[in-house]
1. Find the all-direction average of the projected area of the Cα convex hull for the protein assembly as shown, expressing the result in square nanometres with one decimal place.
2. What's the angle, to the nearest 10 degrees (0 to 90), between helix A:239-257's Cα axis and the longest principal axis of chain A?
3. Build a GNM of chain A with springs between Cα atoms under 10 Å: which of A:E175, A:E100, A:E77 gets the top mean-square fluctuation?
4. What is the magnitude of the charge dipole of the protein assembly as shown about its Cα centre, with +1 placed on the Cβ of each Lys and Arg, -1 on the Cβ of each Asp and Glu, and no other charges, expressed in debye to the nearest 20?
5. Straight-line reach only, C-alpha to C-alpha below 16 angstrom: list the lysines that B:K240 could link to, leaving out same-chain residues fewer than 8 apart.
6. What does the extension gain come out to for B:D152 and B:A325, with contour length at 0.36 nm per residue minus their alpha carbon separation?
7. I'm a student and want to see the number: the projected area of the Cα convex hull of chain A, averaged over all directions, in nm².
8. Work out the charge dipole of the range B:42-252 with +1 on the Cβ of Lys and Arg and -1 on the Cβ of Asp and Glu about the Cα centre, then indicate which of B:Y175, B:F78, B:T96 is farthest towards its positive end.
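The values are calculated or read from the model by the stated rules, or taken from the named source; none is laboratory data. Just so we're clear, the structure is a prediction, and the values are computed from it rather than from any experiment. Here the Cβ positions follow ideal geometry from the backbone for every residue, glycine too, while neighbour counts run over all protein chains shown. Only protein heavy atoms, including side chains, enter the accessible area calculation; ligands, DNA and RNA are left aside. Shrake-Rupley method; radii C 1.70, N 1.55, O 1.52, S 1.80 Å.
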Amino acid sequence: MSQEFVLETRGLTKEFRGFTAVDSVNLQVKEGNIHALIGPNGAGKTTLFNLLTKYLPITRGDILYRGKSIAKMKSSEIARLGVVRSFQISAVFPHMTVLENVRVALQRPMGNSFHFWKHEKVLNQLNDRAMDLLESVGLEEYADNITVELPYGRKRALELATTLAMEPTIMLLDEPTQGMGLEDVDRVTELIRKAAVGRTILMVEHNLRVVSKLCNQVTVLARGTVIAEGDYASVSANPQVKEAYMGSEADEEQETAS
Amino acid sequence: MAMTETTKARVSAVQESKKAANRRRIMIYLALLAVALIAPFLAYPVFLMKILCFALFACAFNLVLGYTGLLSFGHAAFLATGGYFTGYLLSQHAVTPEVGILVGTLAAIILGTFFGLLSIRRQGIYFAMITLALAQLVFFFYLQADFTGGEDGMQGVPRGYLFGFIDLENNLSMYYFVLAVFLIGFMLIQRTIHSPFGQVLKAIRENEPRATSLGYNVDAYKLVAFVISAGLAGLAGSTKTVVFQLASLNDAHWHMSGEVILMTLVGGVGTLVGPIVGATFVLTLTHQLAQSALGDWVNVILGVVFVACVMAFRAGIVGELQKFAKKNFK
Ligand SMILES: Nc1ncnc2c1ncn2[C@@H]1O[C@H](COP(=O)(O)OP(=O)(O)O)[C@@H](O)[C@H]1O
Ligand SMILES: [Mg+2]
């Protein structure tokens, strides 16, 4: 098998009591790409992420990381391989300091995470690296803040720094700019661009402006199946994609109206 | 490296304030220790020992509920296991008390590992149900087994000579030994919480899916915390048996699992000294009420305290005091 693809799925399917949320998806993520996964609400994007990282058991199909199946692995093992995800809802440790958030990610490779008899000050040797990571996302001056106190956009930046601390080969980002103001969207877009150097990114993104600026490959999901694939220009010209989006937007308007 | 001078200064400032907080904490601990050291001259030592044993039991329980986020409804099994094993060894094999206590603790650790392996994957109420069911199994086993004395319990356990030469029949010697056991247990918990392992536990409690996505096998960490807790609960039970020279089915009953939840919640779940305060409060209240004319109303009053605590003072005595202190002295 070629190792061209970092992550690949074959016939990946997830059924919830008869309802097929992800339907025979064949996804191929190329090394070094910033790959967007788009599609209307309820298309199955988050479910697909949950399958890729085994947060949900898969019904059928296979997942390959660099050509090897990871379908039987545990979530934590997949993370240790270098496939690291973020979450649609901001995922930080709210009552730890900003520095501690990043440090938790740096700590595991030290090999002392089960040492309940040691004082936590042994972790201080990670502070310099943690500060560097915080600096890379512009959070160094918040290092000692309790994380809940951060504004939303900063929390997402912290999440990115924590994910980067894992030195992932591929990052799965679920709507990293969701719920942000324009300014934050631009900042996070830049952060992702920087973070993408030397690694692969698969991201769910609703903001098509971000997708067009950032991503060199786009997969469109609707009702659990892939309906289009390619670069942004070709995908956005696809009539099926237009229809899927129009349909869902009409739905959403109805939802908000009701 | 890339760290700027200002951020370095900030980090050291925070470390300074942490150090100051540490100093304050050490002062408080020293004051409490002084009280504990003179207490047997001011109050009835056996009652104080009872408080220390239950305080250790509650602290152990708090490691699971407060610091790992697991509601165990089966901790009575560990308390009783420690008690029965120690009682059996002291009565039948004439070992020295420290050996009896060590073996009792070890038995609780083994049982805790077994409980943990069967239950740790479950969340919330399912975890509570499985631990309860397993503890009931243990209860019926102790009810039927010969060596426990069934419903009569194990009576007249000799306290013996600590290390072969300190006579524990002397209540004062016994008290200081129990105090030492308690302090060892308490310090182990305090260290566990402030260790690299404790950091991971905190992360798991705060956001379990995120901890998993950082590569932590969260079940393994929860299991270790659960086993430490079971062992310390066993240690409390073993020590209690030596103090009271008795091991009984009461300790294995699900009431006991409920009582330790009550103590922890009343004192303040997830605070280091909360369970100590809670155990003291509940035991003192029970003791006072039992001596008053109220008799059987004890449980009703305890129930009311519990409801008040859960509804109005969710953080418990220590938790509410901490909140108050933060608001007014900052
Ligand atoms: N745990 C679950 N149980 C049942 N149905 C689910 C579950 N998770 C998601 N779904 C359903 O699967 C579909 C896809 O959801 P999701 O993956 O969250 O969509 P997206 O992230 O693309 O908006 C939705 O219809 C949703 O209701
Ligand atoms: Mg989603």
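1. Value for the protein assembly as shown: 32.8 nm².
2. For A:239-257 against chain A, the angle is about 70 degrees.
3. Largest GNM mean-square fluctuation: A:E77.
4. Computed about the Cα centre, the dipole is about 880 debye.
5. The reachable lysines, counting only those whose Cα sits under 16 Å from B:K240, are B:K50.
6. Extra length available between B:D152 and B:A325 comes to 57.5 nm.
7. 15.5
8. So the residue we want is B:F78.
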